[in-house]
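Below: one structure, written as structure tokens.
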Amino acid sequence: MTAQHWAGVDEAGRGPLAGAVYAAAVILDAEHPIEGLTDSKKLSPRRRELLAVEIKARALAWAVAWADVAEIDSLNILQATLLAMQRAVRELPLTPVLVQIDGNRAPVLPMAVQTVVKGDLSVPAISAASILAKTARDASIQTLHEAYPDYGFAQHKGYGTAQHLDRLKALGPCPAHRRSFAPVRASFSESKS
């Protein structure tokens, strides 16, 4: 196996109360390393965006996929995340011989799989996937903000901040909220009573 045929996979958006969960798969070109790859959460939004452009231009292959709110609510967040990862790997234009997944849980895939705890810090392809998943999720959240500005998605990115919980209590959930998540379920019950 050669490293250039290894894919890194990571997700973004497991914890928020709203929006899809995203996953990305990346096969980097070992001959042309990309400087500055690390866990997307350790990068400024501007640096993430710049690196995302570079990754898309220089990787041998990349793909971004997601599982939507209905899938999250029907499957649960873990299974929806694994589904998004499967989709990202399946959409790669090259077939990797090994897929390295950030964390300790992996989807079922038709090739060798390895989980790497904190892989987004130690494996460049996983770092790259972390960046692509995060920038795609952030773009989708901006779209949600434009569709439902009263919820303040641009500020909290869908996470259960005090501001978001206040808006949820005042307005009830919108179609983008994950009804299987306890704070949304509670506000949904309150808005129906």
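What follows is calculated from the coordinates using simple rules that are stated; it is not laboratory data. Please read all numbers here as calculations on a predicted model, not as lab measurements. Counting neighbours? That spans all protein chains shown, and the Cβs are built from the backbone with ideal geometry, glycine included.
Quick check: the angle from helix 45-58's long axis to the longest principal axis of the chain, C-alpha only, nearest 10 degrees?
Taking the Cα atoms of the chain, the angle to 45-58 is about 40 degrees.
Restricting to bridges with both residues inside the chain, how much of the DSSP beta-bridge set is antiparallel, in percent to the nearest 5?
Looking only at bridges with both residues in the chain, the antiparallel portion is about 60 percent.
Mind listing the phi-derived Karplus ³J(HN,Hα) values for the stretch 79-91, rounded to whole Hz, using 6.51, -1.76 and 1.60 with θ = phi - 60°, and x for any glycine or proline?
Once θ is set to phi - 60°, the couplings for the stretch 79-91 become 5, 5, 5, 4, 4, 4, 5, 4, 4, 4, 5, 4, 7 Hz.
Report, largest value first, the span of the C-alpha coordinates of the chain along each principal axis, in whole Å.
59, 33, 25
Helix-only estimate, please: 222 nm mean residue ellipticity of the chain, summing -39500 (n - 2.57) across DSSP H runs of length 4 or more and dividing by its residues, to the nearest 500.
-14000 deg cm²/dmol
How far is helix 124-147 tilted off the main Cα axis of the chain, in degrees rounded to 10, range 0 to 90?
Approximately 30 degrees, to the nearest 10.
How about the stretch 77-124: which trypsin sites (Lys or Arg not before Pro) there are in a DSSP loop, with at most 13 other Cβ atoms within 10 Å of their Cβ?
Arg105, Lys118
Mean separation of Cα pairs under 8 Å and 6+ residues apart, divided by the residue count of the stretch 150-192: what relative contact order is that in percent?
Relative contact order of the stretch 150-192: 32 percent.
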